[in-house]
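Asker: Just dropping this structure here.
FYI, it's all coordinate maths here, none of it is from the lab. If you're wondering where the values come from, they're calculated on a predicted model, not measured in any experiment.
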């Protein structure tokens, strides 16, 4: 099965697949999933979509700065993620280690998707 060309549809399919995976893990292995996992998922989904949208807009305007724009998106996502974890840690969350582990697993899935789209965008630019 080939993925659609539209990056927004690709992102939607990826986010739905990740949500289904989280729901299944929460149902079968509730011990390894933090109770705030859906807040983590929602935060990372919104941040990834906004940064992807921003990257798309900036690439249309400044296509010669492709690498800088993509790195900017990764740095913004990382700073937003550290801020999210810092706020929850400061508020005194129970089982913070499990929260951070769940956060970074979901974060790495979104980062892998970002790298996949990054690599797939290199081919059209190099022609």
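Asker: Taking 8 Å as the Cα distance limit and 6 or more residues as the minimum spacing, I'd like the relative contact order of the chain as a percentage. List each step's numbers first, then the result.
Answerer: On the way: 46 pairs, mean separation 40.6, N = 127.
Here the relative contact order equals 32 percent.
Asker: Also, I was wondering about something else. If you line up the long axis of helix 96-126 against the longest principal axis of the chain, both from Cα atoms, how many degrees apart are they, to the nearest 10?
Answerer: The angle comes out near 10 degrees.
Asker: If you stretched the chain out fully between residue 118 and residue 17, how much longer would it get, using 0.36 nm times the residue separation minus the C-alpha to C-alpha distance? All intermediate terms of the calculation are to be shown ahead of the outcome.
Answerer: Numbers: separation 101, 0.36 × 101 = 36.36 nm, distance 1.98 nm.
Additional length available on full extension: 34.4 nm.
Asker: Restricting things to alpha carbons, find the Rg to Rh ratio for segment 10-103 using the Kirkwood radius for Rh. Don't skip to the answer; put the middle values down first.
Answerer: Values: Rg = 15.7 Å, Rh = 14.8 Å.
In segment 10-103, Rg relative to Rh is 1.05.
Asker: Rounded, prolate or oblate, given the Cα gyration tensor of segment 1-43, with a/c below 1.5 counting as rounded? List each step's numbers first, then the result.
Answerer: On the way: a/c = 5.52, a/b = 2.08, b/c = 2.65.
It is oblate, given that a/c is not under 1.5 and a/b is not larger than b/c.
Asker: While we're looking at this one, here's another question. Test of understanding: what is the full-extension gain from residue 96 to residue 65, defined as 0.36 nm times their sequence separation minus their Cα-Cα distance?
Answerer: Details: separation 31, 0.36 × 31 = 11.16 nm, distance 3.86 nm.
So the extension gain works out to 7.3 nm.
Asker: Working out 0.36 nm times the residue gap between residue 89 and residue 50, then minus their Cα-Cα distance, what length gain in nm do you get to one decimal? Write down the numbers at each step before the final one.
Answerer: Working: separation 39, 0.36 × 39 = 14.04 nm, distance 2.42 nm.
Computed gain between residue 89 and residue 50 is 11.6 nm.
Asker: While we're here: Tell me what the chain gives for mean residue ellipticity at 222 nm when only DSSP H runs of n ≥ 4 count, each as -39,500 (n - 2.57), the sum divided by the residue total, rounded to 500 deg cm²/dmol.
Answerer: -29000 deg cm²/dmol
Asker: Here's something else I'd like to know. Cα axis of helix 7-28 to longest principal axis of the chain: angle in degrees, 0 to 90, nearest 10?
Answerer: So the helix axis and the longest Cα principal axis differ by about 20 degrees.
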